[in-house]
Amino acid sequence: MQIAAAGLTAFVRDIFVGEGCTPEEAERIGRYLVAANLTGHDSHGVIRVPRYVGWLREGEVVAGQAPEVVSDSPSFALVDAHYGFGQTAGPFATQLGIAKARQNGVAIVALRHAGHLGRIGEWAEQAAAAGLVSVHFVNVAGSLLVAPYGSVDRRFSTAPFAAGFPVAGAEPVILDFATSAVAEGKVLVASQGGKPLPEGVLIEPDGRLSRDPATLFGPIEGTPERDSRKGAGAIRAFGEHKGSGLALMCELLAGALTGSGTSGPGPKRFCNGMLSVYLTPEAFGSQDAVAAETRTYLDFFKGARAASPDGEVLLPGEPERRTRAQRLSEGVPLPDPVWATLIAAGRPHGLDGETYRG
Ligand code: NAD
């Protein structure tokens, strides 16, 4: 099925109002989840609604929680989200980093104990829209999913990394990925009838490579609910020893340094930690020189010959922009099982999902 972004946002908002969120917070949840769908990252879109509702009801994430600045200096802040929604803590931390960097040239913001922050590229996009370069290291406490290079045992979360670089007079470069071979959400999408996984992104306890979501979730039964604790295997880290090393640094920077907690060992309360660096190009000298070198280099980059006749060399961020333009005009496509979970989430609040399809 296909649904316009505005109707989908309103439906998700109303579900979370029904679950006890303020209209403002519920609107942010809807807006950021649908924004992820618009970029094509369905793994971080509205497919998450049942899980967010579950977390809210179990007290794992707390509605209406105000992020607290627990340590503050002109170019540094440590923010504790106190397990509030990532859709509230994420924009708060990002706007704080932007404001501090504008004042002081550079800023570091550490965010701990945030509910799921969703698509991390969102925060890099917000910084880039304000003219700032940004780098984000993220981890997920309470979410052991990924085997380090050379191992079959889970030791990392999917620990995403993102960076944004504004380009004068053009769209920014936005790099944003999980340090796992695939994000957990992509395994979730594949297990619910969405895009199948590439070969060899999962690993069984005996070292066999796999693309079967059951490796992560255990036997896939008739229900859309998935629990990654039920699978015996793991997702592999991307990029062999290099990606595995970057995942380790995300755990240390976003989990250990921020005080948010690393992914393991032992049971932990689910939360995202994020260490973000914000830089104003002006702090590096002539803004014109930065802009000119960036433009020249990106033209050189884009001028690289494609490896195949129908291929194309893309900048990070380009695929998301293209998908966003397409989905804004045509609507957000959702697999029927995902739409069914939204309809079910709306029912207890007297919401008829079909009415949001316009
Ligand atoms: P991915 O593998 O789709 O990679 C996306 C990145 O690669 C983007 O920067 C994109 O612009 C770039 N890209 C894609 N195709 C390209 C091409 N042909 N040429 C050049 N660049 C290209 O991403 P992923 O690893 O599946 O991650 C998906 C999302 O999951 C991300 O938004 C990430 O932030 C999010 N995530 C969030 C959490 C969390 O705890 N909040 C955890 C893990 C992942």
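The values are calculated or read from the model by the stated rules, or taken from the named source; none is laboratory data. Fair warning: this is a prediction, and the values are worked out from it, not measured in the lab. FYI the Cβ positions are ideal-geometry reconstructions off the backbone, even for glycines, and counts take in every protein chain you see. Surface accessibility is based on the protein's heavy atoms, side chains included, excluding ligands, DNA and RNA. Shrake-Rupley method; radii C 1.70, N 1.55, O 1.52, S 1.80 Å.
Across the range 129-150, the number of residues qualifying as surrounded by 21 or more Cβ atoms within 10 Å (Cβ to Cβ), over 20 Å from F238 (Cβ atoms) and within 14 Å of the ligand (Cβ to nearest atom) comes to 2.
Here is the figure for the range 141-176: residues that are more than 21 Å from the chain's Cα centre (by Cα) and β-branched (V, I, T) total 2.
The residues in the range 259-301 that are within 11 Å of the ligand (Cβ to nearest atom) and closer than 21 Å to A170 by Cβ can be counted, and the count is 1. Residues in the range 341-355 that are open to solvent by 50 Å² or more (accessible area, probe 1.4 Å), without any contact (Cβ under 8 Å) to a residue 24 or more places away in the chain, in contact with a Gly (Cβ under 9 Å, 6 or more places away or on another chain) and in a helix (DSSP H, G or I): R347, T355.
Condition check for A247 on (1) open to solvent by less than 40 Å² (accessible area, probe 1.4 Å); (2) among the aliphatic types (A, V, I, L, M); (3) without any contact (Cβ under 8 Å) to a residue 40 or more places away in the chain: one failure, at (3). Among the residues of the range 77-87, the one identified as more than 14 Å from the ligand (Cβ to nearest atom) and buried (at least 24 other Cβ atoms within 10 Å of the Cβ) is V79. Pairing residues of the range 170-183 that are over 19 Å from A254 (Cβ atoms) and more than 8 Å from the ligand (Cβ to nearest atom) with residues that are among the acidic types (D, E) and not in a strand (DSSP E or B), at Cβ distances under 9 Å and at least 6 apart in sequence or on separate chains, gives E171/E318; P172/E125; V173/E318. Residues considered: P219, P224, P172. Of these, the only one that is surrounded by 14 or more Cβ atoms within 10 Å (Cβ to Cβ), more than 21 Å from I120 (Cβ to Cβ), in contact with a helix residue (DSSP H, G or I) (Cβ under 9 Å, 6 or more places away or on another chain) and not small (G, A, S) is P224. Pairs linking a residue in the range 128-149 that is in the same structural domain as K268 (by TED's automatic domain parsing) and free of Cβ contacts under 8 Å to residues at least 60 places away in the same chain to a residue that is β-branched (V, I, T) and within 13 Å of the ligand (Cβ to nearest atom), with Cβ atoms under 9 Å and 6 or more positions apart or on different chains, are A128/V173; A128/I174. Scanning the range 151-169 for residues that are closer than 26 Å to P281 by Cα and either basic (K, R) or near the ligand (Cβ under 10 Å from one of its atoms) (or both) turns up P160, F161, A162, A163, G164. The residue list E184, E204 contains one member that is within 24 Å of C271 (Cβ to Cβ), of a type in the set (D, E, K, R) and either open to solvent by less than 60 Å² (accessible area, probe 1.4 Å) or touching a Phe, Trp or Tyr at 6+ places or on another chain (Cβ under 8 Å) (or both), which is E184.
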